[in-house]
Amino acid sequence: MIDTVTILIMSGLLTIVCAVIFVLNSAFGRQDKVALFWSSALVFAIMSSLSFAVYGVNSNQWWANSVGNAAIVAAMGCVWMGVRSFNSRYSRAWIVFGAGGVAFVATFLDSPVENEWAGAPVSWVGVAVFMALAAAECVRGRLKRSINSSILAVVVGAEALFYLGRLVVFLAYGPESPVFADWFGTGPTTGLAILLVVAGTLSISLLRLERANNFAEAGLFTDPGFSREGVLDWAHFTRGGSDRVVRAGMHDMSSGVVMLTIDSLDEINTAFGRDVGDRAINVLADVLRETMPPTSIIGRKSAGTFGVVTTMHEPDESVATIAALHNALVARSFDKRANLRLTVSIGVATASAPDAAWQQLFDDASARRDEAQARGGNLVLDGRA
């Protein structure tokens, strides 16, 4: 029969292996908060496993029990923060580290030298709550469309239920009861932890791969704020566009928002290959940079969808700008072998200084672009008859 200390050491070693693989993959991949939080979760899990192993060898090392309880709460909290960041929500780090601090203090005040279960109920509450929150987050936002997030939801949900059951049995029957020892003792808990670490690490690794592929599809490189076509990514475009409209109003200038989408890009990819589709996207980006005023802001949302924010003295100036764009697209081939030319659906919204509001301009331009697509594409709609 394997003793408890050996089981704890094996669990720690397995966690270390999973953490090293994931952290190295994160270190040489795209740097973002999701990878940071999930890497931190594995590091805290290692700290927790090793701390409990130290305490199992020598119970006089009371600090190890306190550190272990605090670290396991922080680890589960970091999983939750990573899931929230994946869904582009605020991480709430102060909640996680505050909970870890509470677990540490609760263990310290509960005589950890004589009591191996010191602070355990408090740490189990933290683990159960963070895992339940992570499971709920996995089925909302971007994550609800991924099979890997569903797997992760099952993993963290199972852990939340297990720790909730462990807490109830501990409080109802005590740690010496056969029910607790057989189903929720250190051995069964460590065995379950090993399974969940493997399944959880695999799930979050696949989610990171999905995320990296989505960034590649959107043309995002590691340069903050820019896509591979030399225009802004969408988050920076919308922030900059909003600011540009406000500043234009301060100088009594008109503002305009242009939304563009390449017509039939999916069909181009299917018929001629993704390389040709990528060239079409690059051609549109180049033409926008050449024809739009040098003070305008250009961003790419996804696939063949771009946006432009520009300022002008009079709203009617946008007519000449869009005409120059169309002429440049007609003159430019994105596949010389088939002599293919781009057609785009364009929505334009302009407003004079007193009436300019970013959100209204953006919504109007987007709606007109959508209508242009619905009417067959290769059309400019600017709200005029």
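The values are calculated or read from the model by the stated rules, or taken from the named source; none is laboratory data. It should be emphasised that the depicted structure is a prediction, and the values quoted were computed from it without experimental measurement. Glycine gets a Cβ as well: all are built from the backbone with ideal geometry, and neighbour counts include every protein chain shown.
Couple of notes before you dig in:
- Wholly within segment 90-205, helices (runs of 4 or more DSSP H) carrying at least 2 residues that are closer than 27 Å to VAL17 by Cβ: 93-108, 120-137, 147-173
- Qualifying residue in segment 18-37 (condition: modelled with pLDDT of 80 or more and touching a Gly at 6+ places or on another chain (Cβ under 6 Å)): yes
- ARG274 being under 26 Å from the mean Cα position of the chain (by Cα) and without any contact (Cβ under 8 Å) to a residue 40 or more places away in the chain: yes
- A Cβ distance below 7 Å, combined with a sequence gap of six or more or placement on separate chains, defines the contacts here; from segment 359-370, residues that are touching a residue at least 24 places away in the same chain (Cβ under 8 Å) reach residues that are assigned to a helix (DSSP H, G or I) in the pairs LEU361/VAL245.
- Applying the criterion of at least 2 residues that are assigned by TED's automatic domain parsing to the domain that holds ARG244 and under 20 Å from ALA235 (Cα atoms) to the helices (runs of 4 or more DSSP H) found wholly in segment 268-385 leaves 274-291, 358-374.
- Filter result for the condition that a residue is in contact (Cβ under 8 Å) with a residue 60 or more places away in the chain and either more than 16 Å from SER85 (Cβ to Cβ) or in contact with a helix residue (DSSP H, G or I) (Cβ under 6 Å, 6 or more places away or on another chain) (or both), over VAL139, VAL156: VAL156
- Scan segment 69-99 for residues that are in contact (Cβ under 8 Å) with a residue 40 or more places away in the chain and over 16 Å from THR189 (Cβ atoms) and the total you get is 15.
- One residue alone among VAL73, VAL54, VAL102, VAL127 is closer than 26 Å to TYR173 by Cα and surrounded by fewer than 21 Cβ atoms within 10 Å (Cβ to Cβ), and that residue is VAL102.
- Here SER345 fulfils each of the conditions (1) more than 28 Å from ALA356 (Cα to Cα); (2) in contact with a Leu (Cβ under 7 Å, 6 or more places away or on another chain); (3) not basic (Lys, Arg) apart from (1).
- Residue check, GLU116 at pLDDT 90 or above and of a type in the set (D, E, K, R): no
- Condition broken by LEU42, with the remaining ones in (1) modelled with pLDDT under 85; (2) under 22 Å from ALA193 (Cβ atoms); (3) touching a Leu at 6+ places or on another chain (Cβ under 7 Å) satisfied: (3)
- Evaluating ARG332 against the criteria (1) of a type outside the set (Ser, Thr, Tyr); (2) at pLDDT 85 or above; (3) surrounded by 14 or more Cβ atoms within 10 Å (Cβ to Cβ) leaves one unmet condition, (2).
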